[in-house]
Amino acid sequence: MKKEFFNYDLPEDLIAQVPLSQRSASRLLVCNSTEKSILDNKFEDLPKILNKIFSLAEKQKKLLLIANNSKVYPARVRIQRITGGRGEVFFLERGNKANYACLLRPKNKLKVGEILYSDDDRKVPLFKVENLENPSVSLVLNETLEIILDKYGEMPLPPYIQRDPNKVQNYTSMDKERYQTVYANSKEQGSSAAPTAGLHFTEEIIAQCKEQNIIFSSATLHVGLGTFLPVQSENIEEHDMHEEIFMLSEELVKKIIEHLENNWPIVFIGTTSLRAVESFFRHIFQNLNYAEFNKNLLDKNLSKILLPFADKWLQTKLFIYPKNKLDIVKPFIGNAIITNFHQPCSTLAMLIAALMGYEFWQKFYAYAIENRYRFLSYGDSSLLIFGENN
């Protein structure tokens, strides 16, 4: 399919520049791909909505919510050149390395070997440009990258969030709290962008979920270029996803098995949790498709098959997209996804179109725009039902 098929006119004033004062105060658009229904709701009512849609209390079922617990690190460092020109280094990796892969701005003006200084104090040299083809920098200060990011780094907000440069500092502390999920695992700090579907959740919402027979669990996928890099090729099939790493814990795998064996619903919080779980199943069941897996599900010893791959870091370049306007992609498992509204022509919009059907995706995105839902990272939420809910 052509990339242009996933373009749409997004009014600039619908791109949320700041989060709402309360995380769970956003709107929630509930869409069912089978019924082609579109309903306006509030995110704070999510636990009750899930209970009703999937008849949890009525049929004594449990629902599994799968989140991505990766923690965002302050990946963006604003710099000055010796000329006084300003730019930034956006780190794509951490750890103890000689050189660090990154995004550089302004890439076309920088030179290999150039020293980049702190934007706060041009007397402080921070980085040396090592490569421009596959951008990388080394550290100049005798300090670890963790210390530098803690002192100079900012949360890696996407470029469509455009703030007044003179007021950036006013938002820094807010972004450090709000561009991070409440359930992010401090031991899994590895994302250079937030899994934004989870930004709406609060401890209170999670507690209310438990009261509604909804079990909360997490996978880990460290968000990087694979998730947020724009599609450059005219034909989306030619887009090369960057590699990201993910892991499913033994605890989560056991819960997935329990829900599959009892035919209980599974709902993903965000595209990254769906991609992590789908990548896990595709890694194991390489020669099966969705229909073959489900047909033979009860004949399989899932614990024996799945658990050996739990608690292991795996790689994924999974790109989920429709092959044509009538194509619908069925994940190995799952009934629904909670997600924000995504950028035109992005791999995330293509994933949603693949799950919900291209024409229905167009329809409920047009509805969201017409009814002035807030879009993108700090925007409103949606609950999209793509599997059975009876």
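Couple of notes before you dig in:
- In the range 186-214, the residue that is modelled with the lowest pLDDT out of those that are touching a Lys or Arg at 6+ places or on another chain (Cβ under 6 Å) and not in a helix (DSSP H, G or I) is Gln189.
- Given (1) hydroxyl-bearing (Ser, Thr, Tyr); (2) within 21 Å of the chain's Cα centre (by Cα); (3) farther than 30 Å from Ser346 by Cα, index of the condition Ser249 fails: (3)
- Flag if Ser26 is free of Cβ contacts under 8 Å to residues at least 12 places away in the same chain and under 28 Å from Glu211 (Cβ atoms): no
- Residue, surrounded by the fewest Cβ atoms within 10 Å (Cβ to Cβ), within the range 126-143, restricted to residues that are over 18 Å from Arg105 (Cβ atoms) and either modelled with pLDDT under 95 or among the β-branched types (Val, Ile, Thr) (or both): Asn142
- Any hit, the range 34-48, residues being more than 23 Å from Phe386 (Cβ to Cβ), of a type in the set (S, T, N, Q) and either in the same structural domain as Ile206 (by TED's automatic domain parsing) or part of a strand (DSSP E or B) (or both): no
- Test: residue in the range 287-296 that is small (Gly, Ala, Ser) and under 22 Å from His242 (Cβ atoms): no
- Test result for Val253, assigned to a loop (DSSP other than H, G, I, E, B), crowded, with 19+ Cβ neighbours inside 10 Å and β-branched (Val, Ile, Thr): no
- Filter pass, Pro308 being in contact (Cβ under 8 Å) with a residue 40 or more places away in the chain and assigned by TED's automatic domain parsing to the domain that holds Phe375: no
- Exactly one residue out of Ile266, Ile214 is within 27 Å of Asn324 (Cα to Cα) and touching a Leu at 6+ places or on another chain (Cβ under 7 Å): that is Ile266.
- Matching residues, the range 109-148, being farther than 18 Å from Ala75 by Cα, in a loop (DSSP other than H, G, I, E, B) and within 29 Å of the chain's Cα centre (by Cα): Leu132, Glu133
- Selection count where residues are surrounded by fewer than 16 Cβ atoms within 10 Å (Cβ to Cβ) and without any contact (Cβ under 8 Å) to a residue 40 or more places away in the chain, scope the range 188-215: 3
- Selection within the range 290-307 - at pLDDT 80 or above, surrounded by 12 or more Cβ atoms within 10 Å (Cβ to Cβ) and not hydrophobic (A, V, I, L, M, F, W, C): Ser303
- Evaluation of Lys48 against the conditions (1) of a type in the set (Lys, Arg); (2) within 23 Å of the chain's Cα centre (by Cα); (3) under 30 Å from Ile215 (Cα atoms) shows that the sole unmet condition is (2).
- Inter-residue pairs, beta-carbon under 6 Å, first assigned by TED's automatic domain parsing to the domain that holds Pro331 and in the range 274-295, second surrounded by 14 or more Cβ atoms within 10 Å (Cβ to Cβ) and polar (S, T, N, Q), 6+ apart: Ser279/Thr316
- Among (1) over 15 Å from the mean Cα position of the chain (by Cα); (2) not in a helix (DSSP H, G or I) - the single one Ser173 does not satisfy: (2)
The values are calculated or read from the model by the stated rules, or taken from the named source; none is laboratory data. This one's a predicted model, so the numbers in the text were calculated from it and none came from an experiment. In this analysis, Cβ positions are derived from the backbone assuming ideal geometry, glycine residues included, and neighbour counts consider all displayed protein chains.
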